[in-house]
Amino acid sequence: MSAPLLVELLTEELPPKALSRLGEAFAAALTRGLAKRELLGNGTTTHAFATPRRLAARITNVKRESESHPVQLKLMPVTVGLDAEGKPTPALLKKLDALGLRGTDVASLRRRVEGKAETLFADSTTPAMPLATALQQALEEAIAQLPIPKMMSYQLADGETTVQFVRPAHGLVALHGSDVVPVKALGLEAGRVTHGHRFQGARDITLANADEYEGRLEDEGAVIADFAVRRAAIATKLREKSEQLTLRYQPPQALLDEVTALVERPEVYLGAFDEEFLSVPQECLVLTMQQNQKYFPLLDEQGKLLPRFMIVSNMKLDDASAIVQGNERVIRPRLADARFFFETDKKTKLSDRVSQLASIVYHNKLGTQAQRVERLRKLAAAIQEGLPRGKAGKEWADRAAFLAKADLVTLMVGEFPELQGVIGRYYAEADGEQPSVARAIEQHYWPRFSGDALPVGDASIAVALADRLDALLGMFSIGNVPTGDKDPFALRRAALGIVRILMETQPALSMELTPLLRKATEVLHLAPESVEAVVAQTRTFVRERAANLMRERGYTAHQVAAVMEVESVESRPDRLDLLPKKLEAVREFAALPESASLAAANKRIANIIKQAHEKGEKFGFVDHDNFPEQVERDLYHALRQASAKASPQFEKGNYTDYLKSFAVLRAPVDKFFDGVMVMAEDPHVRQKRLNLLFELEFEMNRVADISKLAS
């Protein structure tokens, strides 16, 4: 009774950047819809297909109809459904009619207490649902749930009916095994005819069954229907073609995805352009070819751009000269435009462009880009004082901040916003600026994404931190805080950049986060009464990004919480560069056999101290060892010995040995809790024991809150 199910929607060319997502979503939604209606057998698998002109899914082991099974239908409270004599009320009879249970004997109704009321239930049977009905509903749901970036409206052939979909649909296939499933969608009736490649395949391919879909499309239709298979084929062809000219080749993954969504029968050809264009910065040429033409540029073994590029075509031809020559004609004016922008921009120095930033609004509550540049200059100079070169490097940090945004008003950045910073470096070099200044203009945008390179050198780091600090504190001060998935000002990325710079760049390793945040508020001239709240909110936001980064690097949520909890105290230093060392120490401590017991004890200690504090108990560090019980004296001396060994390790930053020093406390801590009651009736005894626990907690938790390791 089970067979594979194939569903295909044939359309006009779908948006390439959304194609892969649309294909996966279509297949997943169909599967969910059929599963919800109990049409899927055991071990069912789904295969998604997506080409520029189709979305399809093949689902194995789909039943012809669902199974019927008994259910209990909730009716209403007994007091509503039955009168004083136990006879059905009109409300109950109406409800039974609506459920198709007219004539049901009231005596057969079941009673069950739900909440505070006794409720009536009726025994019934869910009818079997045929595949055609289930698929019709699942298909409608799948189409409605597609993540369509922009909807189109179009009229059907009757000239009267208007349909909305991502692109006009022209065909629908629905096969269960060898049988057509009579469903409808987007004004189309399902059949068994699919279409091949628009120019090089059979137009109509009549499918005998669902299993032959992929094979016949490729053999007769010249279409590779599977997105991943098509992508892999393109990557292989690109690599083979590139090896004719260079061994240095790595296709951009986003561009590879996009061209995969543009072709059904991929083939790769080599094109060329005039070497004279190589006088233009290669980043400009590469961006032009990739972004505008979807070409794959080629670099030599030294990373220098070659005057060649690869074209991914939708046509496989023995003689592809017409395709190659056509693409070469198209690329020439594009490269000429890039050269014109570059040569024209160089006629005006970057320093002469800074005044033009006054006409660009950064944010209506935070001023223009020119005003922002002045803030960056002050903040970068202040940050520079904390870097290795100190005041000696302030001149270059100030100059880099002054020029950092000047390329925003160039022709090149106007055409290619992605080049800001990169093209600024080229123009700074052409203007004769110091190498550290030119480098900082580009690198103050680093890291641009997760895993990207970090800025190098004092000036680059100073301006990179200033740029992100100004953005974060400025936006937080006016209430522009990221919520949910919305982050229009990329503040999460800015915060992560600060984390990585402070954590991973050698010159910035000793810098603390909070003083940097305060410097930014001074430059922003925030109202004094709002400074503390903005600093605290921004500090928490940045530290959350640090915690996320550490979890991504393999540390558990408990381990990260243990370290971050201790460092969340604002009075303590917040050097982000120490996080990895502390987390590694916690990881090694957690592997010790004593760690679980000590973590549980710490959790117990934290609860006792919290409750004692809430009751107004006074306690602090131990001033002498005149404890009445031996287990107290044993714990006190064991703690002092462990602390004497651990403290030097803490001061040296050897956090692993620091934590391991307290492993010896497991036995005396266990004996302490077994032998005494902390909250004794005698206030003097109670205070001594609280003092001991307070000191124990303080000494053990300078690196991390060990209690967080107790699961």
So, of the residues in region 680-690 that are crowded, with 19+ Cβ neighbours inside 10 Å and of a type outside the set (A, V, I, L, M, F, W, C), which turns out to be nearest to the chain's Cα centre (by Cα)? 689
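Output the strands (runs of 3 or more DSSP E) that fall wholly within region 225-344 and possess 2 or more residues being β-branched (Val, Ile, Thr), out of contact with any His (no Cβ under 9 Å at 6 or more places or on another chain) and at negative phi, or say none.
Details: elements: 267-272, 296-299, 305-313.
Those strands (runs of 3 or more DSSP E) span 305-313.
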Inside region 525-570, the number of residues satisfying the requirement of being over 26 Å from residue 595 (Cα atoms) and not in a helix (DSSP H, G or I) is 4
Hey, does region 478-490 have a residue that's of a type in the set (A, V, I, L, M, F, W, C), in contact with a Ser or Thr (Cβ under 9 Å, 6 or more places away or on another chain) and touching a residue at least 12 places away in the same chain (Cβ under 8 Å)? no
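Does residue 9 qualify as being part of a strand (DSSP E or B), buried (at least 18 other Cβ atoms within 10 Å of the Cβ), outside the structural domain of residue 142 (by TED's automatic domain parsing) and among the aliphatic types (A, V, I, L, M)? Before you say what the answer is, go through the steps one by one.
Values: part of a strand (DSSP E or B): yes; buried (at least 18 other Cβ atoms within 10 Å of the Cβ): yes; outside the structural domain of residue 142 (by TED's automatic domain parsing): no; among the aliphatic types (A, V, I, L, M): yes.
Spelling it out, it is not the case that residue 9 is part of a strand (DSSP E or B), buried (at least 18 other Cβ atoms within 10 Å of the Cβ), outside the structural domain of residue 142 (by TED's automatic domain parsing) and among the aliphatic types (A, V, I, L, M).
Return yes or no: is residue 67 modelled with pLDDT under 95, outside any strand (DSSP E or B) and not polar (S, T, N, Q)? Break it down stepwise before answering.
Details: modelled with pLDDT under 95: yes; outside any strand (DSSP E or B): yes; not polar (S, T, N, Q): yes.
Against the criterion (modelled with pLDDT under 95, outside any strand (DSSP E or B) and not polar (S, T, N, Q)), residue 67 qualifies.
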Among the candidates 572, 587, 633, which residue alone is at pLDDT 90 or above and over 27 Å from residue 679 (Cα atoms)? 587
How many residues does region 23-52 hold that are touching a strand residue (DSSP E or B) at 6+ places or on another chain (Cβ under 6 Å) and in contact (Cβ under 8 Å) with a residue 24 or more places away in the chain? 12
Taking the stated definitions as given, is residue 365 touching a residue at least 12 places away in the same chain (Cβ under 8 Å), under 30 Å from the mean Cα position of the chain (by Cα) and over 29 Å from residue 334 (Cβ atoms)? yes
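Just one of 459, 494 is in the same structural domain as residue 536 (by TED's automatic domain parsing), touching a Ser or Thr at 6+ places or on another chain (Cβ under 6 Å) and either buried (at least 22 other Cβ atoms within 10 Å of the Cβ) or outside any loop (DSSP other than H, G, I, E, B) (or both); which is it? Lay out the reasoning, then the answer.
Details: 494 fails: touching a Ser or Thr at 6+ places or on another chain (Cβ under 6 Å).
From the options 459, 494, the qualifying one is 459.
In the set 321, 313, 279, which member is surrounded by 15 or more Cβ atoms within 10 Å (Cβ to Cβ) and among the small types (Gly, Ala, Ser)? Spell out the reasoning first.
On the way: 321 fails: surrounded by 15 or more Cβ atoms within 10 Å (Cβ to Cβ); 279 fails: surrounded by 15 or more Cβ atoms within 10 Å (Cβ to Cβ).
Step by step, each of 321, 313, 279 is checked, and only 313 is surrounded by 15 or more Cβ atoms within 10 Å (Cβ to Cβ) and among the small types (Gly, Ala, Ser).
Does residue 591 satisfy the criteria of being in the same structural domain as residue 505 (by TED's automatic domain parsing), surrounded by fewer than 20 Cβ atoms within 10 Å (Cβ to Cβ) and not charged (D, E, K, R)? So that I can check it myself, show each step before the final result.
Numbers: in the same structural domain as residue 505 (by TED's automatic domain parsing): no; surrounded by fewer than 20 Cβ atoms within 10 Å (Cβ to Cβ): yes; not charged (D, E, K, R): yes.
Here the answer is no, as residue 591 does not meet what is asked.
The values are calculated or read from the model by the stated rules, or taken from the named source; none is laboratory data. Everything numeric in this text was worked out from a predicted model, so none of it was measured. Positions of Cβ are generated from backbone atoms using ideal geometry, with glycine treated the same way; all protein chains shown enter the neighbour counts.
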